[in-house]
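The block underneath contains the structure these notes are about, expressed in structure tokens.
The values are calculated or read from the model by the stated rules, or taken from the named source; none is laboratory data. Since the model is a prediction, treat every value here as computed from it, not as a measurement. In this analysis, Cβ positions are derived from the backbone assuming ideal geometry, glycine residues included, and neighbour counts consider all displayed protein chains.
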């Protein structure tokens, strides 16, 4: 009898134990399935958030570019977000564009654009826990930084678009970009030192090119100053065929110089700050003449019967010029009318120093100037560029400019 009772108890215990194991197994399975469901939904939400972050990044960069170009920031940002499948007001998505940003490190700084993209995202397994959707949002802040290139050669097909003669050298602490797709877009018979050199086509004389990064076959960058508006040109001439000869001295004033400015012999001129519109005739300085001025811009164009002529600063003259430090033409020293197309080269061959942008987007530039070591920065943008000087150094210290370099590279900051 005792043996029978012990068997019954044993079997009852075993039955209870099996039930407990089954219950625990069931609970464990439910928990594991729950975690799997949670992991699946979270994975989907993170994937969607990555897509949303891409949209926010693209929208912030587009907004910053629009800010730089004086265009509609909101439209540019909205269009970029829409291209990445997030349209403001559609499918409960919101695209909020703030200039300046309302929070973060750049809050209140009008040089930056903040974009916030948000949208409720549908869940699947989490519905069992009462969560039909979850709000997902991303944020990006973009602004413009000083461009890393300071020499741009824009002709899309020319061989020898950038040419450095044998024995000559270019030493630059900023990058060099050549847009030509020619197999000999860059020809180097001397030495080229720069942090980075990019060529759409090919190059020759690579042994003399010393660059942290040298790449050929890259995509063209185009005109980095295409956004810049030229100065207004009035219909009247303030000065006509202005010329200085002999040992004469003069103070020049901003205005429209129909027929340009001509200086020779040992004449000397000081320029008052402002914009000098060369309406035909260009600027010619030669035969030991001297030209000095700060906060000045030359706009070289043509009009009426006054035909275009290039800039000609001969080797034996002394020219010390600096561009404005603020305003719409900040950094612009020479600005060639983009409607001009001429094979005649602009010659910059003076002694002294040129602080500013030498902008000749549709005409050649021949540079042989002996730059002073005190020149803080020089930027060259030309259709083609030829350097024939034993040594020229290009610096890129834009601290004197209120908004930094006029050439910007857009980046993400937050």
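Can you spot a residue in the range 341-361 that is in contact (Cβ under 8 Å) with a residue 60 or more places away in the chain, in the same structural domain as residue 233 (by TED's automatic domain parsing), closer than 16 Å to residue 227 by Cβ and in a loop (DSSP other than H, G, I, E, B)? Scanning the range 341-361 turns up at least one residue that is in contact (Cβ under 8 Å) with a residue 60 or more places away in the chain, in the same structural domain as residue 233 (by TED's automatic domain parsing), closer than 16 Å to residue 227 by Cβ and in a loop (DSSP other than H, G, I, E, B). For the range 145-162, the candidate set comprises residues that are surrounded by fewer than 22 Cβ atoms within 10 Å (Cβ to Cβ) and touching a strand residue (DSSP E or B) at 6+ places or on another chain (Cβ under 8 Å); within that set, the residue that is modelled with the lowest pLDDT is 145. When 66, 76, 37, 60 are checked against the criterion of being touching a helix residue (DSSP H, G or I) at 6+ places or on another chain (Cβ under 9 Å), under 30 Å from residue 403 (Cα atoms), modelled with pLDDT under 90 and not in a loop (DSSP other than H, G, I, E, B), 66 stands alone in meeting it.
Per the conditions (1) farther than 30 Å from residue 409 by Cα; (2) buried (at least 17 other Cβ atoms within 10 Å of the Cβ); (3) under 35 Å from the mean Cα position of the chain (by Cα), the sole criterion not satisfied by residue 334 is (1). Taken together, the residues in the range 163-186 that are crowded, with 20+ Cβ neighbours inside 10 Å and modelled with pLDDT of 90 or more amount to 13. Would the range 343-361 turn up any residue that is out of contact with any strand residue (DSSP E or B) (no Cβ under 9 Å at 6 or more places or on another chain) and surrounded by fewer than 21 Cβ atoms within 10 Å (Cβ to Cβ)? The answer is yes; a qualifying residue exists.
The strands (runs of 3 or more DSSP E) found wholly in the range 196-281 and carrying at least 2 residues that are under 24 Å from the mean Cα position of the chain (by Cα), in the same structural domain as residue 346 (by TED's automatic domain parsing) and free of Cβ contacts under 8 Å to residues at least 40 places away in the same chain occupy 209-216. Restricting attention to the range 117-130, does a residue exist that is at pLDDT 85 or above and buried (at least 20 other Cβ atoms within 10 Å of the Cβ)? Within the range 117-130, one or more residues are at pLDDT 85 or above and buried (at least 20 other Cβ atoms within 10 Å of the Cβ). Residue check: residue 86 meets all listed conditions (1) crowded, with 18+ Cβ neighbours inside 10 Å; (2) without any contact (Cβ under 8 Å) to a residue 24 or more places away in the chain; (3) outside any helix (DSSP H, G or I) but one, namely (2).
Within the range 191-216, being surrounded by 20 or more Cβ atoms within 10 Å (Cβ to Cβ) and in contact with a helix residue (DSSP H, G or I) (Cβ under 9 Å, 6 or more places away or on another chain) holds for one residue alone: 192.
For the range 288-300, the tally of residues that are crowded, with 19+ Cβ neighbours inside 10 Å and more than 26 Å from the chain's Cα centre (by Cα) stands at 4.
Could you list all residues from the range 315-331 that are assigned to a loop (DSSP other than H, G, I, E, B) and either at pLDDT 95 or above or surrounded by fewer than 20 Cβ atoms within 10 Å (Cβ to Cβ) (or both)? Quick ask: steps written out before the conclusion?
If we filter the range 315-331 for residues that are assigned to a loop (DSSP other than H, G, I, E, B), which is where we start, we get 315-317, 323-331.
315, 316, 323, 324, 325, 326, 327, 328, 329, 330, 331 - these are the residues of the range 315-331 that are assigned to a loop (DSSP other than H, G, I, E, B) and either at pLDDT 95 or above or surrounded by fewer than 20 Cβ atoms within 10 Å (Cβ to Cβ) (or both).
Residue count for the range 79-102 satisfying the condition of being out of contact with any strand residue (DSSP E or B) (no Cβ under 6 Å at 6 or more places or on another chain) and closer than 17 Å to residue 53 by Cβ: 6.
Going by the structure shown, is residue 256 closer than 17 Å to residue 300 by Cβ, at pLDDT below 95 and touching a strand residue (DSSP E or B) at 6+ places or on another chain (Cβ under 9 Å)?
no
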